[in-house]
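Q: Got a structure for you, questions after.
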Amino acid sequence: MANNADVTLHIIAHIHNDYTDKFGIPRQSGLVPEAQSTIVFMPAFRNPDVLRGLEEFSHLWLLWEFSENLRANWSATVRPPRLGGNVQKGVFATRSPFRPNPIGLSVVRLEKILWETTQGPMLLVGGSDLMNGTPIFDIKPYLPHIEAIPDAKGGFATAFKDYALEVECAPQLLLQVPPEKQAVLLKILSQDPRPGYKQDEERLYGLSFAEFNVRFQVKNNKVIVREIAPR
């Protein structure tokens with residue numbers, strides 16, 4: 001077997017959405033299914049033939065690059081945020097972005113194929129956990145009869161599968177956000193964007209979403225929105 005130390009990956013597309021900063025992006029795909037993204041292909045892949053038959057599937061696998069987390073070195077263990085940032089797990093037992101190869105894997109819902117645009121065919125997808133502008137290496141159909149395993153074990157992640165916080169946001173603040181994006185913002189906040197090791201109830205956190213800066217606190221396991229302002 002050939003031992004190729006270097007492998008060339010081609011960027012086939014980029015994703016575009018309202019996640020303009022790493023802070024606040026859902027920790028896994030599917031946690032905010034209402035959030036929509038558009039996948040725009042590179043010129044070499046804008047041939048409609050590459051998507052022939054894709055409309056028959058409801059969900060897709062995306063293989064992508066942790067482009068905002070590139071670093072020369074990696075560690076054998078990481079500290080998952082949901083475990084408070086003080087418990088070490090092996091890097092291959094987590095979905096940490098700090099990996100030997102910065103490759104992410106996500107399942108998204110295929111909402112629609114936009115066949116005729118000025119940039120060739122595009123994909124409208126829901127529930128992604130990719131930052132705006134993230135490079136995509138490959139797209140594959142999700143096969144539920146093969147890849148959905150009902151009795152599979154979820155390890156330590158299972159304890160947080162229903163994790164969500166109550167969100168308190170004054171109506172006059174929320175009205176600053178377009179109606180079609182309000183539910184998405186509230187769902188993002190309910191997932192508690194804070195780093196797992198930061199639990200200071202007096203601290204004011206901020207995240208960027210679409211064209212807005214959002215500032216909030218977390219007190220008694222409740223997210224309290226303090227400010228929403230245009231960026």
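Q: What accessible area per residue comes out for the chain, rounded to a whole number of Å², with a 1.4 Å probe?
A: On the way: 13640 Å² over 231 residues.
With all protein chains present, the chain gives 59 Å² per residue.
Q: Another question, then. Just in segment 155-231: which chymotrypsin sites (Phe, Trp or Tyr not before Pro) are loop by DSSP and have at most 14 other Cβ atoms within 10 Å?
A: Values: sites: PHE156, PHE160, TYR163, TYR197, TYR205, PHE209, PHE212, PHE216; in loops: TYR163, TYR197.
Sparse-neighbourhood loop chymotrypsin sites (Phe, Trp or Tyr not before Pro): TYR163, TYR197.
Q: Expressed in nm², what is the orientationally averaged projection area of the convex hull enclosing the Cα positions of segment 18-86? Intermediate results must be reported in sequence, preceding the final value.
A: Numbers: hull surface 30.4 nm².
Over every viewing direction, the Cα hull of segment 18-86 projects on average to 7.6 nm².
Q: Another question about this same structure. If the limit is 28 Å between Cα atoms, which of LYS161/LYS222; LYS153/LYS181; LYS112/LYS222; LYS22/LYS222; LYS153/LYS222; LYS112/LYS153 go over it?
A: Violating the 28 Å limit, Cα to Cα: LYS153/LYS181; LYS112/LYS222; LYS153/LYS222; LYS112/LYS153.
Q: I've got another one for you. Counting other Cβ atoms within 10 Å, keep those with at most 11, restrict to DSSP loop, and tell me which GluC sites (Glu not before Pro) in segment 18-112 are left. Could the numbers behind the result be given before it?
A: Numbers: sites: GLU34, GLU55, GLU56, GLU65, GLU68, GLU111; in loops: GLU34, GLU68.
Listed in order of number, the matching sites amount to none.
Q: With no solvent and one equal point scatterer placed on each C-alpha of segment 84-190, evaluate the Debye formula and give log10 I(q)/I(0) for q = 0.09 Å⁻¹, two decimals.
A: -0.39
Q: Okay, moving on. Read phi for every residue in segment 27-40 and hand back ³J(HN,Hα) as whole Hz from Karplus 6.51 cos²θ - 1.76 cosθ + 1.60, θ = phi - 60°, with x for Gly and Pro.
A: 6, 9, 5, x, 6, 10, x, 6, 6, 9, 9, 10, 9, 10
Q: Mind pulling up the Rg/Rh value for segment 11-134? Radius of gyration and Kirkwood radius, both on Cα.
A: Values: Rg = 15.9 Å, Rh = 15.7 Å.
Reported Rg/Rh (Cα atoms, Kirkwood Rh): 1.01.
Q: Work through the residues other than HIS10 whose Cβ is under 12 Å from its Cβ and net out their charges, Lys, Arg +1 and Asp, Glu -1.
A: On the way: positive: none; negative: GLU65, ASP138.
Net of charged neighbours comes to -2.
Q: Moving on. May I ask you to give the percent of accessible area on the chain that is carbon plus sulfur, with a probe radius of 1.4 Å?
A: 52 percent
Q: DSSP loop chymotrypsin sites (Phe, Trp or Tyr not before Pro) in segment 59-103 with at most 16 other Cβ atoms within 10 Å of their Cβ, which ones? Show your work: numbers first, answer last.
A: Values: sites: TRP61, TRP64, PHE66, TRP74, PHE92, PHE98; in loops: PHE66, TRP74, PHE98.
Hits after loop and neighbour filter: TRP74, PHE98.
The values are calculated or read from the model by the stated rules, or taken from the named source; none is laboratory data. Small disclaimer: the values here were computed from a predicted structure and weren't measured. Methodologically, a virtual Cβ is constructed for each residue, glycine included, from the backbone with ideal geometry; neighbour enumeration extends over all protein chains shown. With ligands, DNA and RNA removed, areas are computed over all heavy atoms of the protein, side chains included. Shrake-Rupley method; radii C 1.70, N 1.55, O 1.52, S 1.80 Å.
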